[in-house]
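**Q** Once you've had a glance at the structure underneath, I'll fire off some questions.
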């Protein structure tokens, strides 16, 4: 009896590692001089560098939830890695940190090198978008644990911020303007509900939900999560920027509340931004109550930024110059009658 006869092919794992080496190297970019070792080490080595008086490491870890089931059913694996990087890096960005490096973990019942190479290619793509290094990772072959064709992924991102410049709720004040940054769609949250609404997988490959020529439902569901590294880089040094919320599980009320200090309330005004059609379709076809939509999905805003009133115009201009389409999504007020977040026209 051998390890291979028990279902684990060590040679295949080694071949896969060789196959993805170029994908890792493609992410080195401006950080190449900070990467130590030749890749044979048991751990990734990264030089922190100089230039910060009080460097604070900022970390984030996440997965992509059941969006994976859509990707695996449709056999489309090239972009799910972008989602993974986005979910981790966007969390790191909320502190005002600069992303440095990323690690991934991939587990499957049996390694399919073509599929997993596509996944890692997407992870590398996401790292290039985020400006961070894909420093390493782990691939686990676990027979009898995962069904054939099923794999799971998770990631871990590390960034660095200047201690005195870390963003957060402590800096937010009544009167601050809430700037919204558009999402690219569903991002990577709420897919357990989405799959209940569109419960026939045959729809995913064939149906345009808008009854006109356009992307299939599956293409809409697999639209990659937007990475906001460029947007945050454009405003990171602006002292008028106080806090950033990444809109993930819990939707707008659950995540904007995390940047509200005691005794304050965020008031959001949905007419000020465009809600993508997929959200309206989910609400109609569920049917899903409007309040539940806002508690579950990003509803068109992937990030919300609290900025001092005097600095709002400058921040909006900088974000627009960085390629964003920002909007004045609301404001911070004193008091918390109705909770830390109030969405006009929605009874939460």
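The values are calculated or read from the model by the stated rules, or taken from the named source; none is laboratory data. In this text, all values refer to a predicted model and were calculated from it rather than measured experimentally. Note that each Cβ is placed from the backbone with ideal geometry, even for glycine, and that neighbours are counted across all protein chains shown.
**Q** Among the numbered criteria (1) assigned to a helix (DSSP H, G or I); (2) under 20 Å from residue 168 (Cβ atoms), which single criterion is violated by residue 317?
**A** (2)
Every residue, every condition in (1) over 17 Å from residue 187 (Cβ atoms); (2) under 24 Å from the mean Cα position of the chain (by Cα); (3) assigned by TED's automatic domain parsing to the domain that holds residue 305, yes or no:
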| position | (1), (2), (3) |
| --- | --- |
| 20 | yes, yes, no |
| 24 | yes, yes, no |
| 28 | yes, yes, no |
| 34 | yes, no, no |
| 38 | yes, no, no |
| 51 | yes, no, no |
| 57 | yes, yes, no |
| 64 | no, yes, no |
| 103 | yes, yes, no |
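**Q** Suppose we filter 107, 71 for residues that are in contact with a strand residue (DSSP E or B) (Cβ under 6 Å, 6 or more places away or on another chain) and touching a residue at least 40 places away in the same chain (Cβ under 8 Å); which single one remains?
**A** Of 107, 71, the one residue that is in contact with a strand residue (DSSP E or B) (Cβ under 6 Å, 6 or more places away or on another chain) and touching a residue at least 40 places away in the same chain (Cβ under 8 Å) is 107.
**Q** With respect to residue 240, is the statement that it is surrounded by fewer than 16 Cβ atoms within 10 Å (Cβ to Cβ) and in contact with a helix residue (DSSP H, G or I) (Cβ under 8 Å, 6 or more places away or on another chain) true?
**A** no
**Q** Which one of these does residue 202 not meet: (1) in a loop (DSSP other than H, G, I, E, B); (2) at pLDDT below 95?
**A** It fails just one condition, (1).
**Q** Does residue 233 meet the test of being in a helix (DSSP H, G or I), under 28 Å from residue 98 (Cα atoms) and outside the structural domain of residue 57 (by TED's automatic domain parsing)?
**A** yes
**Q** Just to be sure before I move on: is residue 60 modelled with pLDDT of 95 or more and on the phi > 0 side of the Ramachandran plot in the structure I sent?
**A** So residue 60 does not fit the description; no.
**Q** If you scan the stretch 189-222, which residues turn out to be out of contact with any helix residue (DSSP H, G or I) (no Cβ under 8 Å at 6 or more places or on another chain) and under 14 Å from residue 66 (Cα atoms)?
**A** Hits for the stretch 189-222 are 192, 196, 199.
**Q** Also, I was wondering about something else. Please go through the stretch 292-314 and pick out each residue that is over 23 Å from the mean Cα position of the chain (by Cα), in contact (Cβ under 8 Å) with a residue 40 or more places away in the chain and in a helix (DSSP H, G or I). If you could, list the steps in order and put the result at the bottom.
**A** The first filter runs over the stretch 292-314 and keeps only residues over 23 Å from the mean Cα position of the chain (by Cα), leaving 308-314.
If we keep only those that are in contact (Cβ under 8 Å) with a residue 40 or more places away in the chain as well, we get 308-312, 314.
Hits for the stretch 292-314 are 309, 310, 311, 312, 314.
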